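The values are calculated or read from the model by the stated rules, or taken from the named source; none is laboratory data. This one's a predicted model, so the numbers in the text were calculated from it and none came from an experiment. Please note: Cβ atoms are built from the backbone with ideal geometry, for glycine as well, and neighbour counts cover all protein chains shown. Side chains are part of the model used for accessible areas, which takes the heavy atoms of the whole protein and leaves out ligands, DNA and RNA. Shrake-Rupley method; radii C 1.70, N 1.55, O 1.52, S 1.80 Å.
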Amino acid sequence: MVAGMPYPMAKASCIRVGHLVDNLAGQFDDVRVKVFAYEGTGNPASHPHVEYHLVGGFDSQKAKYYTWSNKLRADARLIRAMIRQRKAIDLIHCHTIEGLGIALAFKALTLSRAPICMDVHGPVVAELVHYRLIPAWRPIVAAVNGLESAMLSFVGHAFVSNDGLKNLLLQRLPSDRVTTVFDYVDLEHFDSG
């Protein structure tokens with residue numbers, strides 16, 4: 001699992017990644033999950049089938065969170081952590097386009113043949129504009145759209161959180177490579193009375 005974000009932290013992305021990791025590790029005895037993420041606040045729950053590779057150096061303060069220098073420095077550390085574990089990686093599951101970028105860099109540097117699947121929970125280019133990682137200038141948006149399409153061509157399967165996003169992704173991937181996995185509520189965390 002490649003997650004370009006602090007983990008664990010109380011954010012929607014971390015909750016989604018946490019559920020994916022818990023389900024993979026909890027339902028399949030022969031699956032071992034390695035989580036590559038930035039160090040968050042607190043410690044992730046331990047599990048005998050989950051190994052955490054959490055790298056430091058990411059500034060999670062809001063003013064610096066969405067800056068290229070902050071992200072790229074931490075992403076380089078994630079790539080190095082993955083390279084150290086390259087012989088144990090059979091499949092790469094990425095969280096969003098940033099995780100995919102890290103996975104593609106890892107594959108290029110190691111010549112890994114591990115297939116890639118990806119979790120997508122928002123429109124990528126729109127998020128980059130929203131968080132001011134790229135300007136809302138038409139030529140730049142078009143170029144980033146092209147880059148996104150090229151990156152997605154390496155994805156064996158994409159999981160999305162809603163059908164609207166699925167329809168958006170179907171503009172870039174064949175329908176047999178996109179599956180909707182809805183977010184859910186864990187009823188065990190609520191009082192039934």
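General observations
- Residues that are within 15 Å of His121 (Cα to Cα) and either modelled with pLDDT of 85 or more or touching a Pro at 6+ places or on another chain (Cβ under 6 Å) (or both), drawn from region 173-193: Val178, Thr179, Thr180
- Answer residue from region 116-143, given it is modelled with pLDDT of 90 or more and in a helix (DSSP H, G or I) and is most open to solvent (accessible area, probe 1.4 Å) among those: Arg138
- Here Ala114 fulfils each of the conditions (1) free of Cβ contacts under 8 Å to residues at least 12 places away in the same chain; (2) within 21 Å of Ala3 (Cβ to Cβ) apart from (1).
- Restricting attention to region 21-71, the residues being in a helix (DSSP H, G or I) and within 21 Å of Arg132 (Cα to Cα) number 8.
- Hits in region 72-106 (condition: open to solvent by less than 30 Å² (accessible area, probe 1.4 Å) and not in a helix (DSSP H, G or I)): Ile89, Ile92, His93, Cys94, His95
- All told, Val129 meets the bar of being out of contact with any strand residue (DSSP E or B) (no Cβ under 8 Å at 6 or more places or on another chain) and of a type in the set (Val, Ile, Thr).
- Annotation note: of Val35, Val17, Val50, Val31, the sole residue that is touching a residue at least 12 places away in the same chain (Cβ under 8 Å), in contact with a His (Cβ under 6 Å, 6 or more places away or on another chain), under 27 Å from Asp183 (Cβ atoms) and not basic (Lys, Arg) is Val17.
- Every residue from region 144-176 that is farther than 23 Å from His19 by Cα and assigned to a loop (DSSP other than H, G, I, E, B): Ser153, Phe154, Leu170, Gln171, Arg172, Leu173, Pro174
- Exclusive hit being among the hydroxyl-bearing types (Ser, Thr, Tyr), modelled with pLDDT of 90 or more and open to solvent by 50 Å² or more (accessible area, probe 1.4 Å), set Tyr66, Tyr52: Tyr52
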